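Everything below concerns the one structure shown next.
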Amino acid sequence: MSGKSGAAVTAGGAPDGAAARAGTDSTGDTAVDTDLETMVQIMGRMFRGMKGRRAHEEAEELIGLVKAAGLGPRHVPVLIGLVLNGPVPVGVLARHMALSPATVSQLVGELQRGGFVDRRPDERDRRRMIVSLHEERRALVERFAWRRLRPLRMTLEALGPAEREHFLHGWRTLVEMMERAGNDDPLCGGVSRGA
């Protein structure tokens, strides 16, 4: 990826001459390509770590139940959001998930019909509905969620406040660049923010 053939290569696979024509510094490209290679290696290790046998079996069980209920991957973040923040009103859950209340309300309704969540009136304000995980699914959903969340939490705990700020900035930048690349690439079909 970087420097092995004596020429820097951009992320899109173009040689450093093309990068220079685009107004970038080939020396900077080499440094970025070296870090890109490291990032790809780290992400490979991360994905392998997420596919441990027991975690995979639990994931398959939950995803199988989700599919059997006619639901899809877009519903799973709502379940994880309820592990982290529930029981909560839909509006609060939407705020935590950075989605519109209408979107989350629709997802919650579908999850309720699928037997994954319950809705009940708020005792302090009967106009509001409190959303919680259904008791029959709670243990499975919590195991599924915490297997994925625990390493993230441990990472944040291992970093100081300034390091966490830089770490989260890097992740936000990665997501924004992925969204931008998806929107710019007609083969990707764009990235949906609302589902």
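The values are calculated or read from the model by the stated rules, or taken from the named source; none is laboratory data. Owing to the predicted nature of the structure, the values given are computational and were not obtained by experimental measurement. Backbone-built Cβ (ideal geometry, glycine too); neighbour counts: all protein chains shown. With ligands, DNA and RNA removed, areas are computed over all heavy atoms of the protein, side chains included. Shrake-Rupley method; radii C 1.70, N 1.55, O 1.52, S 1.80 Å.
Listed residues Ala94, Ala139, Ala102, Ala162; which is assigned to a helix (DSSP H, G or I), over 17 Å from Leu65 (Cβ atoms), over 21 Å from the mean Cα position of the chain (by Cα) and at pLDDT 90 or above?
Ala162
Please enumerate the residues belonging to segment 96-108 that are open to solvent by 60 Å² or more (accessible area, probe 1.4 Å) and under 28 Å from Arg150 (Cβ atoms).
Matches in segment 96-108: His96, Ala98.
Condition check: modelled with pLDDT under 95, open to solvent by 60 Å² or more (accessible area, probe 1.4 Å) and in a loop (DSSP other than H, G, I, E, B). Does Arg120 satisfy that?
Against the criterion (modelled with pLDDT under 95, open to solvent by 60 Å² or more (accessible area, probe 1.4 Å) and in a loop (DSSP other than H, G, I, E, B)), Arg120 does not qualify.
Look at Glu37 and say whether it is open to solvent by 40 Å² or more (accessible area, probe 1.4 Å), within 25 Å of Leu152 (Cα to Cα), in contact (Cβ under 8 Å) with a residue 60 or more places away in the chain and out of contact with any Asp or Glu (no Cβ under 8 Å at 6 or more places or on another chain).
It is false that Glu37 is open to solvent by 40 Å² or more (accessible area, probe 1.4 Å), within 25 Å of Leu152 (Cα to Cα), in contact (Cβ under 8 Å) with a residue 60 or more places away in the chain and out of contact with any Asp or Glu (no Cβ under 8 Å at 6 or more places or on another chain).
Identify, from the list Leu111, Leu82, Leu71, Leu93, the residue that is without any contact (Cβ under 8 Å) to a residue 60 or more places away in the chain, closer than 19 Å to Arg147 by Cβ and open to solvent by less than 50 Å² (accessible area, probe 1.4 Å).
Leu82
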